[in-house]
Each structure stands twice: as C-alpha cells, then as structure tokens.
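A quick write-up on the structure given underneath.
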Amino acid sequence: TGQEALSRIAEASDLDTLEALRVEFLGKQGSISGLLKTLGKLDPEERKVEGPKIHGLRESVSDALGARRDALETAALNARLASETIDLSLPAPEAPRGTVHPISQVMDEIAEIFADLGFSVATGPEIEDDWHNFTALNMPESHPARAMHDTFYFPDRDAKNREMLLRTHTSPVQMRTMLAQGAPLRIIAPGRVYRSDSDATHTPMFHQVEGLVIDKDVHLGHLKWTLETFLKAFFEREDIVLRLRPSYFPFTEPSVEADIGFTLIDGKRVIGGDPSKGEGGWMEVLGSGMVNRRVIEFAGLDPDEWQGFAFGIGIDRLAMLKYGMDDLRAFFDGDVRWLSHYGFSA
Ligand code: PHE
C-alpha cells in the first residue's frame with residue numbers, strides 16, 4: 001500500500017537502501033510502474049477514478065524518495081564535518097612557479113640602463129615591409145642582405161605594393177620613430193628579428209636592441225661614451241675595454257663595429273680587462289655609426305641641422321656572455337630544466 005511504501009522510505013537508513021526502494025517502486029519493473037500499466041486495460045469510467053489515485057501515489061513516493069535522499073546526504077555531510085578537521089596552520093603545498101626568461105631579464109636590464117641615460121623605449125612591427133627594413137635605410141635593391149637566402153619573405157605584397165618580410169634587424173624602428181616623432185630623439189628599440197640562418201651560434205629568430213639618438217652637434221665621441229657607459233653598467237665592471245673598428249652599414253656613415261675585450265682566467269673567458277696587455281681577445285658585440293645623411297633625409301629631416309648616431313646590439317650574445325651560457329639554441333628550446341637553472345625569479 002501507499003502508506004507502507006512511504007514508511008519504508010522514511011525508515012531507509014542509507015542511500016543504497018533508498019536506491020533499492022526507488023527501483024522496487026518506480027523502476028521499469030517496479031510495483032507502481034506496474035500499476036500504471038494496468039490503467040490502459042480499465043474501462044473509461046474506472047480509469048477516471050483509478051488514474052488520479054495511481055498518479056498521485058507515484059508522485060508522493062517520488063517526493064518522499066527525494067526528501068529522504070536530501071536528509072541522508074545532509075546527515076552524511078554533517079557527520080564528515082564533525083569528524084574531520086582542517087589544520088590551517090599547515091604549510092600549503094608548493095605550487096610550481098615560472099621564472100623570467102633570461103632574454104626578457106636581459107632586455108629589462110638593458111632598458112633600465114638606457115632609461116638612466118634618458119632613452120625611452122620604441123617599438124615596431126616584426127612583420128615589416130621592404131621600404132622600412134631596407135630601402136629607407138639606404139640598402140639598394142642589389143644589397144646582398146635583401147637576398148632570399150637571408151630574409152624570410154611573405155608570398156603577398158601589402159596594400160602599398162611593398163614586399164612583406166620578417167624584419168631582419170631592429171633598424172626599421174629608427175625610421176618609424178623618426179617619421180612619427182621627428183627630432184630630437186633618444187630611443188632604444190628591443191625586439192625579435194629573423195634571418196634564414198641556423199647553427200650553434202645562429203638561430204632563425206634572435207633578439208637585438210636598436211639605439212638611436214638624433215640631435216644637434218652629435219658626434220662619434222657621444223656614441224663611444226654611450227656604448228662604454230652602457231657596457232660597464234651591463235657587465236657591472238669598470239674595466240670594460242671597447243675596441244671600435246671601421247666597418248660598413250648602408251645606413252650609417254662612418255660605421256663602426258665594437259668589440260669587447262675579454263681575458264683568460266683559468267682558461268675561461270671573462271669579460272673585462274685589456275686583451276692587448278695579456279692573454280685574452282676581442283668579441284664582437286654590436287654594429288653602429290653616425291646616421292647616414294640619406295637616412296635623415298628619408299625621415300624628412302634636414303641633415304645639415306640634425307645628426308645622430310645609431311647602434312644595434314645582439315641581445316642573445318650579450319646574455320650568453322654575462323650569464324655564462326654556451327649554446328644559443330638553449331634559449332629557444334623551452335627546456336624547463338634549463339630555464340629553471342638559468343631563469344630569474346619574478
Ligand atoms: N642593423 C645592423 C645589423 O643588424 C646593426 C646596426 C644598427 C648597425 C644600427 C649600425 C647602426 O647588423
């Protein structure tokens with residue numbers, strides 16, 4: 001009977017018993033389900049009387065099952081809360097923590113040093129057009145750096161019908177900043193650059209920081225002082241010796257490449273000291289020069305009024321020298337063991 005079913009439900013002492021009762025009454029073969037099936041065989045008058053009764057019974061049994069389930073679950077939870085305790089004084093389990101990538105760290109160090117010298121940070125796109133990357137920097141069509149084997153070109157041209165490429169250096173940011181801000185200027189532009197090159201000392205993507213100063217009466221002495229001051233601060237050594245060598249870049253005239261002196265201590269290369277006075281040697285770290293008059297003109301400035309110097313430093317190389325890493329490719333492998341050894345805490 002209905003009463004009997006309801007009292008058995010009310011007495012069910014655990015969820016398993018309750019589930020067994022649900023099957024017994026409401027399951028496919030359940031007793032109430034059986035009653036519902038008999039309705040079809042009754043004549044209409046009887047069905048009018050019996051129908052609501054059986055449906056009412058089904059509903060009350062189903063409600064009772066639900067209510068009992070809630071009661072049992074609440075009781076189980078209360079029992080757990082009463083028996084378990086949480087010790088809030090226990091140390092939390094250690095969550096894995098990332099580190100700052102050495103390249104990011106070194107970029108920050110560089111930006112900070114130049115900020116002290118009054119340089120702000122400028123940026124430009126990594127997908128460049130050949131006008132900003134080459135033409136405006138006085139690199140003619142025939143320049144070898146424009147060749148396919150050095151530069152990643154895109155198959156399509158842009159809206160101005162310029163060839164698109166992955167910038168091969170940060171120097172296009174010189175032109176973009178001069179065009180956007182005019183003169184005077186004092187900026188650095190750190191970022192990713194791309195060349196079709198890959199071995200132990202070259203990766204197809206690497207990092208440079210560009211520097212550009214445009215002002216009146218700027219000369220090579222300002223460039224040399226700036227580079228020396230930067231390198232001393234970066235390597236945290238006063239005995240940094242810089243050697244400037246005449247070089248050639250289409251966008252600077254005159255152009256100089258800078259080598260930094262290292263000495264051998266117990267057979268290891270240590271940055272600093274004068275290699276011409278003992279054991280050691282020179283390592284090339286950057287290209288630079290006085291901004292070519294043609295580049296100043298391309299930027300819409302009068303080269304008789306404005307001069308400047310520019311430099312491009314290889315960030316990856318500098319990071320390796322400062323932190324004693326020996327394989328450039330490790331920077332980009334994403335090996336967590338290497339990163340946690342060389343990475344910096346945030
Ligand atoms: N863009 C040059 C390079 O990638 C470096 C450079 C920058 C030289 C600025 C002179 C002035 O090799």
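The values are calculated or read from the model by the stated rules, or taken from the named source; none is laboratory data. All figures in this text were calculated on a predicted structure; none of them were measured in a lab. Note that we place each Cβ from the backbone using ideal geometry, even for glycine, and neighbour counts take in every protein chain shown. Surface accessibility is based on the protein's heavy atoms, side chains included, excluding ligands, DNA and RNA. Shrake-Rupley method; radii C 1.70, N 1.55, O 1.52, S 1.80 Å.
Need the full-extension length gain, Asp150 to Thr201, defined as separation in residues times 0.36 nm minus the C-alpha distance. One decimal, nm.
16.8 nm
If I model a spin label as a point 7 Å beyond the Cα along the Cα-Cβ vector, how far apart are those points for His55 and Ser142 in nm?
Distance between label points: 9.7 nm.
Using only the alpha-carbon atoms of the stretch 32-176 as identical scatterers, what base-10 log of I(q)/I(0) does the Debye formula give at q = 0.13, 0.14, 0.15, 0.17 Å⁻¹?
Log-scaled intensity ratios, in q order: -0.89, -0.95, -1.00, -1.05.
Rounded to the nearest percent, how much of the accessible area of the chain (1.4 Å probe, protein heavy atoms only) is carbon and sulfur?
It is 53 percent, rounded to a whole number.
With every protein chain in place, what's the accessible area of Val49 (1.4 Å probe, Å², nearest 10)?
80
Do any of Lys224/Lys268; Lys224/Lys322; Lys216/Lys277 go past 32 Å between their Cα atoms, and which?
The answer is Lys216/Lys277.
Among the GluC sites (Glu not before Pro) within the stretch 35-85, which fall in a DSSP loop and have no more than 15 other Cβ atoms within 10 Å of their own Cβ?
Within the stretch 35-85, the qualifying GluC sites (Glu not before Pro) (loop, at most 15 other Cβ atoms within 10 Å) are Glu84.
By the gyration tensor of its Cα atoms, with a ≥ b ≥ c the square roots of the eigenvalues, what is the shape of the stretch 133-273: rounded for a/c under 1.5, prolate for a/b over b/c, or oblate?
Oblate is the answer for the stretch 133-273, as a/c is 1.5 or above yet b/c matches or exceeds a/b.
What is the Cα coordinate range of the stretch 222-296 on the first, second and third principal axes, sorted by size from largest, in whole angstrom?
For the stretch 222-296, the Cα extents along the three principal axes come out at 48, 21, 16 Å.
Taking every alpha carbon pair in the stretch 1-97, what does the distance histogram look like in 10 angstrom bins from 0, in percent?
Pair shares across the bins are 13, 32, 21, 13, 10, 7, 3, 1.
Suppose R0 equals 41 Å; then what is the FRET efficiency for Arg294 and Glu112 from their Cβ-Cβ distance, rounded to the nearest 0.05?
After rounding to 0.05, the efficiency reads 0.80.
May I ask for the distance between the Cα centers of the stretch 228-263 and the stretch 2-40, given as a whole number of Å?
One Cα centre to the other: 90 Å.
Which value at 222 nm does the chain reach when only helices count, each DSSP H run of 4 or more adding -39,500 (n - 2.57), with the total divided by all residues and rounded to the nearest 500 deg cm²/dmol?
Using -39500 (n - 2.57) per qualifying helix, the result is -12500 deg cm²/dmol.
I'm checking a number: the convex hull volume of the Cα atoms of the chain, normalised per residue, in Å³. What is it?
That works out to 315 Å³ per residue.
Give the residue list of trypsin sites (Lys or Arg not before Pro) in the stretch 1-33 that are DSSP loop and have at most 12 other beta-carbon atoms within 10 angstrom.
Sites meeting the loop and neighbour criteria: Lys28.
How far, in nm, would the chain grow between Leu220 and Leu88 when pulled straight, counting 0.36 nm per residue and subtracting the alpha carbon separation?
Going from the current span to full extension adds 41.0 nm.
Mind listing which trypsin sites (Lys or Arg not before Pro) in the stretch 39-110 are in a DSSP loop and have 10 or fewer other Cβ atoms within 10 Å?
Filter output for the stretch 39-110: Arg97.
Rounded to the nearest whole Å², what accessible area per residue is found for the stretch 196-281 with the 1.4 Å probe?
Normalised by residue count, the accessible surface of the stretch 196-281 is 51 Å².
Compute the projected area of the convex hull of the Cα atoms of the stretch 92-198, averaged over all viewing directions, and report it in nm² to one decimal place.
Its Cα hull, projected and averaged over all orientations, spans 11.0 nm².
Just for the Cα atoms in the stretch 214-342, what are the lengths along the principal axes, largest first, rounded to whole Å?
Projected onto its principal axes, the Cα set of the stretch 214-342 covers 52, 40, 23 Å.
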